[in-house]
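Here's the structure we're looking at; comments come further down.
Quick note: the coordinates plus some simple rules give every number you see, no bench work behind them. In this text the structure is predicted, and so the values were computed from the model without any measurement. Glycine gets a Cβ as well: all are built from the backbone with ideal geometry, and neighbour counts include every protein chain shown.
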Amino acid sequence: MNGVVALQGLWVKTVTRRLPEPAGEPSGSVPGTLPALRIAVTGESTAAGCGVGRHDEGFAAAFAREVAARTGQAVDWTATGRYGATAVQIRQDLLPTETDLNMVVVLAGVNDVLTRRRPEQWREDLSALVGDLAGRTTRIVVTGIPPFTLFPALPSRLAHYLADRAALLDNVSTQVCRGRAMFVRSEFDEVPDGFFAADSFHPSAAGYRQWAAMVAAEVHGEAFRYGRRTV
């Protein structure tokens, strides 16, 4: 990392506003006409709902609503995340304890980029995390790293540097997940006004809804292609 990028990174850490934890319970239910799915979302601050005022405005709740709308199934959801968590920390501290889940969605990678985890380290970390989840859930979904170049909080040069590093980790993720989990890239060509929260780094409620809808569409599309009746 060159000096300019390093200084920009220090500046971002200094000025970025740390938002409070969402209010309410990090769990809920969405009604449906078919038997309920049990879905857990785990990971970094986005799994914790950073950027919104209530947990039912975060990614997990939005994803549950999208799944229910697409399948007609009720969904019981939980969210477990932590600000600044890396893949190693998620595996150690934040994985769901239940062993009969229908799906676990992993939101990770941003902090591994920010802490400069190398691709070979990420491969080891993600492989271990997916392996630990295999006995707890029917399906594992790993989301790609959101595009740093769209984050308003980041200076352009730093954003492109981080995006290049994120692309390396995402490429590893596709290899790790093959045959073991579903990998869904978090790709946005552009984001509308209001996508980001007050810190210009985390999604707002609208941002989480858009991200969750994209992931749910990919998950449901894969299930349809393989003839499954549910996600």
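Within the P(r) computed for the chain, what percentage of the Cα pairs occupies the region above 33 Å? Write out the running numbers ahead of the final one.
Numbers: 3159 of 26565 pairs.
When all Cα pairs of the chain are counted, 12 percent exceed 33 Å.
With no solvent and one equal point scatterer per Cα, compute the Debye intensity ratio I(q)/I(0) for region 19-153 at 0.10 Å⁻¹ and report its log10, rounded to two decimals. Reported log10 I(q)/I(0), two decimals: -0.32.
The protection proxy used here, the mean number of other Cβ atoms lying within 10 Å of each residue, ranks peptides 60-66, 83-89, 49-55 as follows, highest first: 60-66, 49-55, 83-89. Model label points for Ala153 and Glu190, set 7 angstrom from Cα along the Cα-to-Cβ axis, are 2.4 nm apart.
Below 8 Å, C-alpha to C-alpha, sequence gap of six or more: please give me the relative contact order for the chain in percent. All intermediate terms of the calculation are to be shown ahead of the outcome.
Details: 444 pairs, mean separation 51.1, N = 231.
It rounds to 22 percent for the chain.
Nearest 500 deg cm²/dmol is fine: what mean residue ellipticity at 222 nm does the chain get from its DSSP H runs of n ≥ 4 alone, each adding -39,500 (n - 2.57), divided by its residue count? Helix-only estimate at 222 nm: -12500 deg cm²/dmol.
Full extension of the chain between Ser29 and Ala69 yields a length gain of 13.1 nm, computed as 0.36 nm times the residue separation minus the alpha carbon distance. By the beta-carbon count within 10 Å of each Cβ, the least crowded to most crowded order of Tyr161, Tyr208, fewest first, is Tyr161, Tyr208. For region 45-60, the Karplus equation 6.51 cos²θ - 1.76 cosθ + 1.60, evaluated at θ = phi - 60°, returns couplings of 5, 5, 5, 6, x, 4, x, 10, x, 9, 4, 6, 9, x, 4, 4 Hz by residue, with Gly and Pro reported as x.
Spatial offset of region 31-71 relative to region 165-224 amounts to 14 Å, using the alpha carbon center of each. Here the dipole of the chain is about 320 debye; that uses its Cα centre as origin and unit charges on the Cβ of Lys and Arg (positive) and Asp and Glu (negative).
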